[in-house]
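First comes the structure, then the notes that go with it.
Bear in mind these aren't lab numbers, they're just calculated from the coordinates by the rules spelled out. Please read these numbers as outputs of a predicted model, since none were measured by experiment. Note: ideal-geometry Cβ built from the backbone for every residue, glycine included; neighbour counts use all protein chains shown.
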Amino acid sequence: MFASFYLARRYFLRGAAKHISFISIISCLGVALGVFALIVVISVMNGFDNDLMDRLLKFNYHLTIETPEKELLPAIKERIDKIKGVKNSSIILQTQVFAKIDRYIVPLMVKGFDLNDENEAKNFYQYVKKDLKNGGFFVGEGLYDRLGLQDSLEYYPLDKNFKLKEEKLRGFFRMGIYDIDNNYLIADLDKARSLSPNYYMFLGVHIKNPMEARQIKNIITQQFPMGLSVSTWMDNQVLLSALKLEKLTMFVLLSLIALVASFNIFATLMVKVVEKTKDIGVLKALGFTSGKILAIFSLQGVFLGLIGVFLGTASGLGLCLLMQKYHFIKIPVDIYSIEYLPVFINYRDIFLIAILGLLFSFVSSLFPAIRASRLSPCEALRYE
């Protein structure tokens, strides 16, 4: 095995013709480009996914707890807050109003929570662009622009007495999520409750680690045998499946770059097999087995793959770290609701990409190596 490794190293980046070394360099750069593109694009997609999930989970809740006996929610809240892993919980109210804009009626969702609660206020006010300090509605900037609102809103509450009312606007917020910014009004819990006798109340729970939502759900269902309905953000399989499918599709498509680049390794080793035909005959005449010849040429493919994967991983990871720290690639904030290209480095993904690059390189080297190992000494030496 040592002899095979030594000869593979000698043949590596060497050839009787100068173009052999050039082809080897191109092969390495092709693999490096494929790995580089995969790492950068997957990291950017992870960044967008994390940014979207972060905004969704900050406005919504990791767990929602429902009970037909709404008067029990304050007592349930006190017990939920004491569970290990729970960050905080809040009583949430949702109802609907019908905004009157000129001659049109526009249905809008109203979400009410306790703005006097420190955690809730901190969570919401990071998205508030302007607070006029009165008791009216916070309205999404998209909704404000779409409906051409001024300083007040005329609406019909969700009530059998369909009577037109008017409410001052308290301020504006921007979540960066189209549906929320264009269809929601935010109000204090008491204000939202006074809008209509028809409303839906539940307990929203934030936990310290969102990935433990199902474990916390199991704890809650065990501690409250009274028939509470508990759901988690992870139950939204449509969104999670869409994000996973998007990432998988992009991974497969970009993997084709590394696959095509690996064909350069195939071509390089095929040329080397032809060039080293005499050497193969001499080695076999000296007693080298087909397995050792196979190892010589497959190791060259692995060497090319290692160099390409190293260069691609180093450059891709380096660029991602720079983008993560300095945010020098700007994007339209009015479209993406973020000023720079988000990057999240998942080292598990990078490891898988590196393994994939090496696998493509090894597989591409097998056919030339097998062909070299099957040459008979007589056939190989006949070229001389």
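Which aspartates and glutamates have a Cα less than 20 Å from the Cα of K272, not counting those fewer than 8 places away in the same chain?
Counting by Cα, and skipping residues close in sequence, K272 has these aspartates and glutamates nearby: E379, E384.
Taking 25 Å as R0, compute the FRET efficiency from the Cβ-Cβ separation of L366 and M250 and round it to 0.05. Walk me through the numbers before you get to the answer.
Numbers: r = 28 Å, r/R0 = 1.12.
Approximately 0.35, to the nearest 0.05.
Give me V40, V260 sorted ascending by neighbouring Cβ count inside 10 Å, so fewest comes first. If you can, show how the numbers build up before the last one.
On the way: V40 20, V260 14.
With the sparsest Cβ surroundings first, the list reads V260, V40.
Going by the alpha-carbon gyration tensor, a ≥ b ≥ c the square roots of its eigenvalues, is region 41-146 rounded (a/c under 1.5) or, if a/c is not under 1.5, prolate (a/b greater than b/c) versus oblate? Please report the intermediate quantities before stating the final value.
Details: a/c = 1.84, a/b = 1.13, b/c = 1.63.
Here region 41-146 falls in the oblate category.
Output the Cα-based Rg and Dmax of region 269-384 in Å, rounding Rg to one decimal and Dmax to a whole number.
In Å, with Rg to one decimal and Dmax whole: 22.5, 72.
Counting alpha carbon pairs within less than 8 Å and at least 6 residues apart, what relative contact order, in whole percent, applies to the chain?
Working: 621 pairs, mean separation 109.3, N = 384.
Dividing the mean separation by the residue count of the chain yields 28 percent.
Per residue of region 179-184, in order, report the coupling 6.51 cos²θ - 1.76 cosθ + 1.60 (Karplus, θ = phi - 60°) as ³J(HN,Hα) in whole Hz, putting x for Gly and Pro.
4, 6, 5, 10, 9, 10
Need the C-alpha centroid separation for region 220-270 versus region 20-53, integer Å.
When both Cα centres are located, 18 Å separates them.
Between K82 and D235, take the C-beta separation as r, use R0 = 25 Å, and let me know the FRET efficiency to the nearest 0.05. Don't skip to the answer; put the middle values down first.
Details: r = 24 Å, r/R0 = 0.97.
Taking R0 as 25 Å, the efficiency between K82 and D235 is 0.55.
Grab the beta carbon distance between R193 and L359, set R0 = 45 Å, and tell me the FRET efficiency rounded to 0.05. Before the final figure, lay out each step's value.
Values: r = 60 Å, r/R0 = 1.34.
Once rounded, the FRET efficiency stands at 0.15.
I need Y200, Y340, Y155, Y104 ordered by Cβ neighbour count within 10 Å, fewest first. Intermediate values should be presented prior to the final figure.
Values: Y200 11, Y340 16, Y155 24, Y104 8.
Ranked by crowding around the Cβ, least crowded first: Y104, Y200, Y340, Y155.
Which value, in debye to the nearest 20, describes the size of the charge dipole of the chain about its Cα centre when Lys and Arg Cβ atoms bear +1, Asp and Glu Cβ atoms bear -1, and nothing else is charged?
On the way: 44 positive and 35 negative charges, 351 e Å.
Roughly 1680 debye for the chain.
Would you work out the charge dipole size for region 68-227 about its Cα centre, treating the Cβ of every Lys and Arg as +1 and the Cβ of every Asp and Glu as -1, and quote it to the nearest 20 debye? Mind showing how you got there, number by number?
Details: 25 positive and 22 negative charges, 58 e Å.
The calculation lands at about 280 debye.
Here are a few candidate values for log10 I(q)/I(0) by the Debye sum over Cα atoms at q = 0.06, 0.08 Å⁻¹: [x] -0.43, -0.63; [y] -0.22, -0.39; [z] -0.31, -0.52. Which one was actually calculated from the structure I just gave you?
[x]
Run the dipole for region 216-350 about the Cα centre, Lys and Arg Cβ at +1, Asp and Glu Cβ at -1, nothing else charged, and hand back the magnitude in debye, nearest 20.
Working: 11 positive and 7 negative charges, 114 e Å.
Once rounded to the nearest 20, the dipole reads 540 debye.
Suppose the chain between S315 and I331 were pulled fully straight at 0.36 nm per residue; how much longer would it get relative to their current alpha carbon spacing? It would help to have the intermediate numbers written out before the result.
Working: separation 16, 0.36 × 16 = 5.76 nm, distance 2.23 nm.
Between S315 and I331, full extension yields 3.5 nm more.
Within straight cross-link reach of K133, meaning Cα distance under 16 Å, which lysines are found once same-chain residues fewer than 8 apart are removed?
Straight-distance partners of K133: K122, K168, K191.
Going Cα to Cα from K87, which aspartates and glutamates come in below 15 Å? Please leave out same-chain ones fewer than 8 positions away.
Partners within reach: E78, D117, E118, E120, E212.
I need the Kirkwood Rh of region 68-227: take the reciprocal of the average 1/r across all distinct C-alpha pairs and report it in angstrom.
Details: mean 1/r = 0.0587 Å⁻¹.
Taking the inverse mean of 1/r over all distinct Cα pairs, region 68-227 comes out at 17.0 Å.
Run the Debye formula on the Cα coordinates of region 94-170, all scatterers equal and no solvent, and tell me log10 I(q)/I(0) at q = 0.12, 0.16, 0.24 1/Å.
-0.36, -0.64, -1.28
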